[in-house]
Structures are given as C-alpha cells and as structure tokens.
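Nothing in this text is a laboratory measurement; each read-out follows from the coordinates by a stated rule. These numbers were taken from a predicted model, which means no experiment stands behind them. No Cβ is skipped: glycine too gets one built from the backbone with ideal geometry, and neighbour counts run over all protein chains shown.
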Amino acid sequence: MLDIELVTHEQLDAEQAAARQDIREAVVFGTKGEDPTVEAMMAGIYAPSPVDAFDIAKGIVA
Amino acid sequence: MVETPTAAEGLAILRTMWRIRLFEEAVEDLYGRGMMHGTMHLSIGEEAVPTGACLALKDGDQITSTHRGHGHCIAKGADLGRSMAELLAKDNGYCRGRGGSMHIADVATGNLGANGIVGGGLPIAAGAGLSNKLRGVDNVCLCFHGDGSVGEGAWHEALTLASMWDLPVVFVCENNQYGMSMPSKKAFKVENISDKAAGFGIPGETVDGNDVLAVREAVQRAVDRARRGEGPSFIEALTYRWRGALEVGQEPLPHQGRDPGLARPRPHRAMGRRDARHRACHP
Ligand SMILES: Cc1ncc(C[n+]2csc(CCOP(=O)(O)OP(=O)(O)O)c2C)c(N)n1
Ligand SMILES: [Mg+2]
C-alpha cells in the first residue's frame, strides 16, 4: 500500500495507534469485569436431577 | 487479478489485522503473568486468513471457528471488550466467562463458536448450512478449520453432507503446516489439501493465506456461488503460526519469517502486490 502510494506512513501509524487503543480499552473492560457467581457458573451445566442429588449432597435440601 | 482496495478499505483491513495481532499480544502478556487460565492458542502470523475471508460475508452469515479462534471472532465483528472479558472468565464476557478462549461464541454476530474439539466445527457448519437452506435464506456459513482436522471423521462427514445436499458452506482450511508437531506434508499424500475436495465433488482451491486480498477474492467467489444455491466450496489458505501450538511454554517452530503484512516496510505483501499499479512500480 505504501509502494503504490495508496496510503501514507502517517495513515498507517494512525491506524495502528487506533487498534492499540481499541485493545487497551478491551483490557480495561475485561479486567474490570466481575467474576461470575457460583450459581451463574453452574447454571445450565447439568440436567435437572430427578432426585435433586446435588442439592441433597450439598445439604441444600434435606 | 487481485483487485486493489481503496485507501479506506485498505486501512480498514489493516485495522482488523492489527486488532487481531494486538489482541493476541495482550492475551499472551496476561496469560504469561497468570491472569488468564485454561489454555490459549495464538494465531499470530495467520491474521490475513480470517480478515480476508470475513470480508466476503454479510450480516446474517455465520462462521464456525477452532481452538485457535481469536482472529475469527474479531474478523467477524466481535466486541473486543466482551471477548477479552470472556478470556478472563468474567461475567461480562460473551459466555459469562464459561467458554473462555476455546468456546467463545456470539450467536448474535453469527459466530457459532470456537471449538476445543479438533474438527468439531465442521458438522456444526454443515448444520448451519442446512438450516439456511431449509429456511430459504441466502446466508452462508464459513467453516474455519485447521489442517489437523482433515484426518478427522467429522471432516469427511461434513464434506459428504454439504456436497450431497448442496449446502451453502465454504470450508476454509487454515493450513499452517502443522497439526501439533505433525507436518501436514507428512500427514497427507496429496500435493494440496484442497485436492481432497474433488473426492467429494466440491471445487477446491489453494491460496496464499498471507495475502489478505487473495484470500478475500477466493472466499468471495465461493460465497457468491453458495448464495446462488450452487453448493459448497473448499479453500485451503497456506499460512504459518509464529507461536507454539499452545501457550504453555512450548517453543515456536522454526518458520520462514513471512509476515501477513503487518511488518513494515513490506505491507504491500499483504495487499495489492499483484495489482497492475504495483507491478508498474516494481516491473
Ligand atoms: C478430536 C481432538 N483430537 C485431538 C485434540 C488435541 N489437539 C488440540 S490442537 C491439535 C492440533 C490441531 O491442528 P490443526 O487443526 O492443524 O490446528 P492448528 O493448531 O495448527 O491451528 C490437536 C491434535 C483435540 N483437541 N481434539
Ligand atoms: Mg495446523
């Protein structure tokens, strides 16, 4: 693109800088996020148990 | 002849490739410092394949991805923050942190998911193609897969069904020369992996996967064909990964040092290097 003078070095620098800024913002968004709750992590993982085996094992139900 | 992009197109293409490269460099940094868990596969050096391929897609089209799928997600339009959050196992990630790098999905943008199972995306792509066909929509599913998946039963089943039912699927094989430490030259007794497509009655083509415009052109042709209802195509994109097979302390394999166009002063290698204006400058 430089060789055929489609774009200039300055335009390429600006594009690269913009991408770097996008990633910086992504890292901020990602690292600031909350950890999921244990309930959210378990939701939808296992099919419901006909005898509530997990809940019984954990003492959640008698 | 590969069409030259406009300046705006060219810059947008480079922006996507830079986003993929820098996203993965950030991931590598965070992973190396123990801030990311699980395992991580980087596609640094392969950015031109998803970038070029996804340029051929429109809204409503789908992709299936692989264990090395950050580039596929980003090129398909994923939000970078939600992607990073997913890799960091956070609640604001695409799958609320439960998918991570290898199982990130965003159905809203047509990303049907990365896949920890090598070859796992192929039957899903055939299914998406069947769904598109039965619903009477002109959407196409792009199926990214690695050379290592070509020996899987799922690969053969998906190509068989896609061919038999003329499904709108474009199979994009990212041949980065290795499946783990197995050279693809040793794994297959054909000159090109794309030669195998003929056995399924599917047109096959091999392109330079480090040439983003060549990838775009080949995939565009295949996508147009699929939209017209003429069935699947197979494109093998020759590329190379610069990092280890996975980010757990493996050394990268020796490589030829070809850059897909992000290193200067050679960006023309990625774009328009075969076009007439470029030839005029470099007779
Ligand atoms: C069904 C299955 N078998 C084996 C593995 C272990 N495995 C993970 S990556 C990989 C190599 C894949 O090679 P390729 O498809 O060429 O992708 P690349 O890593 O080169 O991008 C293997 C064998 C797996 N994840 N799934
Ligand atoms: Mg490979």
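Can you check what the Kirkwood hydrodynamic radius comes to for the stretch B:1-154, Cα pairs only, in Å to one decimal? Working shown, then result.
Details: mean 1/r = 0.0627 Å⁻¹.
Hydrodynamic radius (Kirkwood, Cα only) of the stretch B:1-154 equals 16.0 Å.
Find how many whole Å separate the alpha carbon centroid of the stretch B:138-213 from the alpha carbon centroid of the stretch B:53-113.
21
Listed here are the pairs B:K58/B:K90; B:K76/B:K133; B:K58/B:K185; B:K90/B:K186; B:K90/B:K133; which of them are more than 32 Å apart at the Cα? Don't jump to the answer; show the numbers that get you there.
Working: B:K58/B:K90 30 Å; B:K76/B:K133 21 Å; B:K58/B:K185 34 Å; B:K90/B:K186 41 Å; B:K90/B:K133 36 Å.
Too far apart for the 32 Å limit: B:K58/B:K185; B:K90/B:K186; B:K90/B:K133.
Rounded to the nearest 20 debye, what is the charge dipole size of the stretch B:96-238 about its Cα centre when +1 sits on each Lys and Arg Cβ and -1 on each Asp and Glu Cβ?
Details: 13 positive and 16 negative charges, 78 e Å.
Once rounded to the nearest 20, the dipole reads 380 debye.
Determine which residues of the stretch B:88-132 fall in the zone a paramagnetic label at B:E157 would reach in this model, i.e. backbone nitrogen under 20 Å from the point 7 Å along Cα→Cβ.
Output list for this probe position: B:112-132.
May I ask you to list, by number, the DSSP H helices of chain B whose Cα span along the axis is at least 18 Å and whose average Kyte-Doolittle hydropathy reaches -1.0 or more?
Values: long enough: B:7-32 (37 Å, 0.22); B:121-135 (21 Å, 0.39); B:212-227 (22 Å, -0.04).
The qualifying helices are B:7-32, B:121-135, B:212-227.
Cβ neighbours within 10 Å, averaged per peptide: list B:230-237, B:110-117 in order, most packed at the top.
B:230-237, B:110-117
Over the C-alpha atoms of the stretch A:1-46, what are the Rg and the largest Cα-to-Cα span, Dmax, in Å?
Looking at the stretch A:1-46, its Cα Rg and Dmax stand at 20.0, 58 Å.
Give me the percent of Cα-Cα pairs in the stretch B:7-281 that sit more than 27 Å apart, rounded to a whole number.
Tail of the P(r) past 27 Å holds 34 percent of the pairs.
Taking trypsin sites (Lys or Arg not before Pro) as candidate sites, keep only those in a DSSP loop with at most 13 other Cβ atoms within 10 Å, then name the longest stretch of chain B containing none of them. Can you show the working numbers first?
Values: sites that count: B:R33, B:K58, B:K189, B:R228.
Within chain B, the longest run free of exposed trypsin sites (Lys or Arg not before Pro) spans B:59-188.
First check a/c for the protein assembly as shown, with a ≥ b ≥ c the square roots of the eigenvalues of its C-alpha gyration tensor; if it is under 1.5, answer rounded, and if not, answer prolate when a/b is larger than b/c or oblate otherwise.
Verdict is oblate for the protein assembly as shown.
If you filter chain A for GluC sites (Glu not before Pro), then keep DSSP loop positions with at most 13 other Cβ within 10 Å, what is left? Don't skip to the answer; put the middle values down first.
Values: sites: A:E5, A:E10, A:E15, A:E25, A:E34, A:E39; in loops: A:E5, A:E34.
Here the sparse-neighbourhood loop sites are A:E5, A:E34.
Taking loop as defined by DSSP and a crowding limit of 14 other beta carbons within 10 Å, which chymotrypsin sites (Phe, Trp or Tyr not before Pro) in chain A fit? Display every interim value, and only then the final one.
Values: sites: A:F29, A:Y46, A:F54; in loops: A:Y46.
Filter output for chain A: A:Y46.
If you average the sequence gap of Cα pairs under 8 Å that are 6 or more apart and divide by the length of chain B, what percent do you get for the contact order?
Working: 596 pairs, mean separation 62.5, N = 283.
Once divided by the residue count of chain B, the mean separation gives 22 percent.
7 Å from Cα along Cα→Cβ at both A:M42 and A:R20: what's the point-to-point distance in nm?
Between A:M42 and A:R20, the simple spin-label model gives 4.6 nm.
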